[in-house]
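**Student:** Got a structure for you, written out below as C-alpha cells; questions coming shortly.
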Amino acid sequence: MKAGNRPLSPHLQVYRPQITSFLSILHRLTGVALAAGALLLGYWLTSAAYGPETFARAQDFLASWLGRLVLFGLTFSLFYHLLNGIRHLAWDAGWGFEMGTLKATGWLVTATAVALTLIAWIAAYAVAGGA
Amino acid sequence: MEMRSDLGRVRGLGSAKEGAAQWWAQRITGVALVPLCLWFVVSAISLVGADLAAFKTWLGAHGNALLMVLFVIALFHHAQLGVHEVIEDYVHGEKAKVASLVAVKFVAALFGASCVLAILRVSFGG
C-alpha cells in the first residue's frame, strides 16, 4: 500500500463549515465535557458518604449560580451526546448516510436536545419551588 | 479502500490488533447508558435541594442503588474509552500520550470505585 494513496483528514483552514462536520465536532466536545461532568458526579456521590454537612455543601454548590451554569451546560451536553450517539449507532447499522437524511437527523437531534434540556430545567425549577 | 495488509486480513487483525474490542465496548456501554442516563436525569431532578436523609431514602427505594451502581460503571467506562480516543487523536508525543492515557484510566478507576463505595455506604447506612 502506498502512503500517498491514503485518505487525508480535512484541512481545517480550507474546510467549509457545514452541519455534518459541526455536529461531529460537537459530539466530541460534549463527550469531553461529560467526562468532566462524571468527575462532578463523583464529587457529589462521594460527598454523601461523608455525612450530612458535606452533602449539603455539595448540594449548595450545585444550586449556586456557577453550579447551575455548569449543570445547564452538562444537561444539554448529555441530551445532545445521547441523541447523537443513537444517530451514531444507526450509522453503525448502515442506516442514514444519504445527505438528506444526514442533515435531517442532525437538525432533529439538535432540536430535540434543546427541547429536552428546557423541559428538564423547567421540571427542576418546579421541584425546587415546591420544596 | 482496503487499509489492511493481506497477512493482517487473513489473521483477522486490524492495524491496532485489538481495536474492535474497544470499539465494541464503547457501543455496548453507550447502549446501556441510553436508559440509564434518562433514569439519572429524572432522578437528579427529583433530588434538587434534597438533604442527606432524603437522598438516603431515595437510594433505598425501587432498586435505585443498583441502577446508580450500573450507571456509574457504564459512565466511567464509556467516558474513559472516549477520552482515550481523543488523546490518541490529539496528543502526538509518545511519552505524553502514554502518560495521559494511563492517567485517564487511573482517574476513571479512582472516581468510579469511589462512587460505588459511596453508594454502598449510604445505602447500607454506614
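The numbers here are math on the coordinates, done by the rules we state, and not lab data. Every value quoted in this text rests on a predicted model; they were computed, and no experiment measured them. We place every Cβ from the backbone using ideal geometry, glycine too, and count neighbours over all the protein chains shown.
**Student:** Using DSSP to call loops (not H, G, I, E or B), can you name the chymotrypsin sites (Phe, Trp or Tyr not before Pro) in segment A:1-72 whose Cβ has at most 11 other Cβ atoms within 10 angstrom?
**Tutor:** Of the chymotrypsin sites (Phe, Trp or Tyr not before Pro), the ones in loops of segment A:1-72 whose Cβ has at most 11 other Cβ atoms within 10 Å are A:Y15.
**Student:** If you fit an axis through the alpha-carbon atoms of helix B:94-123 and take the longest principal axis of the Cα set of chain B, what angle between them do you get, 0 to 90°, nearest 10?
**Tutor:** 20
**Student:** Along the charge dipole of the protein assembly as shown, which of B:F106, B:S46, A:Q59 sits closest to the positive end, that is, farthest toward it, with unit charges on the beta carbon of Lys, Arg, Asp and Glu (+1, +1, -1, -1)?
**Tutor:** Highest projection toward the positive end goes to B:F106.
**Student:** Taking one equal scatterer on every alpha-carbon of segment A:17-130, how large is log10 of I(q)/I(0) by Debye at q = 0.09, 0.19, 0.21, 0.23 1/Å?
**Tutor:** -0.32, -1.02, -1.14, -1.27
**Student:** Right, something else. In the neighborhood of B:V98, defined by Cβ-to-Cβ distances under 14 Å, what is the net charge if each Lys or Arg adds +1 and each Asp or Glu adds -1?
**Tutor:** It works out to a net charge of +1.
**Student:** Quick one: how many lysine pairs in chain B have C-alpha atoms under 24 angstrom apart, if they're 8 or more apart or on different chains?
**Tutor:** 5
**Student:** Can you compute the charge dipole magnitude of chain A about its Cα centre, using +1 on each Lys and Arg Cβ and -1 on each Asp and Glu Cβ, nothing else charged? Give it in debye, rounded to the nearest 20.
**Tutor:** Computed about the Cα centre, the dipole is about 500 debye.
**Student:** Okay, next question. Stokes-Einstein D for segment A:1-61 at 20 °C, 1.002 mPa s, Kirkwood Rh over Cα pairs, in µm²/s?
**Tutor:** Reported coefficient: 138 µm²/s.
**Student:** Something else about it: Which loop-located chymotrypsin sites (Phe, Trp or Tyr not before Pro) does segment B:18-80 contain, where loop means any DSSP state but H, G, I, E or B and the Cβ has at most 14 other Cβ atoms within 10 Å?
**Tutor:** none
**Student:** Taking N as the number of residues in the protein assembly as shown, what is its alpha-carbon radius of gyration divided by 2.2 N^0.38 Å?
**Tutor:** Taking N as the residue count of the protein assembly as shown, the ratio is 1.15.
**Student:** Given a Förster distance of 25 angstrom, what is the FRET efficiency for B:S46 paired with A:I119, based on the Cβ-Cβ distance and rounded to 0.05?
**Tutor:** Plugging the Cβ-Cβ distance into 1/(1 + (r/R0)^6) gives 0.95.
**Student:** Quick one: if the Förster radius is 25 Å, what FRET efficiency do B:V34 and A:V32 give, using the C-beta to C-beta distance and rounding to 0.05?
**Tutor:** Once rounded, the FRET efficiency stands at 0.80.
**Student:** Return the ratio Rg/(2.2 N^0.38 Å) for chain B, where Rg is computed over Cα atoms only.
**Tutor:** Relative to the 2.2 N^0.38 Å estimate, chain B comes out at 1.39.
**Student:** Let's test the formula: R0 of 45 Å, r as the Cβ-Cβ distance of A:T112 and B:K95. What FRET efficiency results, to the nearest 0.05?
**Tutor:** According to the calculation, E is roughly 0.60.
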